[in-house]
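A.B. asks: My questions will all concern the structure given below.
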Amino acid sequence: MKRLAFALLFAQQCLADSFADRADREFVNFKKKFNVQYTPSEEDYRRQVFHDNFKWIEEQNARGHPHVSVACFHHSDDACV
């Protein structure tokens, strides 16, 4: 039973890491695509907002609705999205 719990915890961590890696890559691409630059103090905040919005986007697209697709756009680093 302990092995199963450990395996599930490990798998969950791997999935979380892969999401964080994907979100970081998308954030870098977002900044390049929209020519966005932040002050050092703003960078962490905007990255977290982008990650939250990216997670929401992925959740919406995972629903598989045939007529709806959500993507990042120039306000994806705003908290009001």
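A.B. asks: Look through Cys72, Cys80 and report the one residue that is surrounded by 13 or more Cβ atoms within 10 Å (Cβ to Cβ) and at pLDDT below 75.
C.D. replies: Cys72
A.B. asks: Among the residues of region 18-36, how many are part of a loop (DSSP other than H, G, I, E, B) and within 13 Å of the chain's Cα centre (by Cα)?
C.D. replies: Count: 0.
A.B. asks: May I ask you to list the residues in region 37-51 that are part of a helix (DSSP H, G or I) and in contact with a helix residue (DSSP H, G or I) (Cβ under 9 Å, 6 or more places away or on another chain)?
C.D. replies: Matches in region 37-51: Arg46, Arg47, Phe50, His51.
The values are calculated or read from the model by the stated rules, or taken from the named source; none is laboratory data. As the structure is a computational prediction, the values presented were derived from the model and not from experiment. Cβ sites come from the backbone with ideal geometry, for glycine too, and all protein chains shown count toward neighbours.
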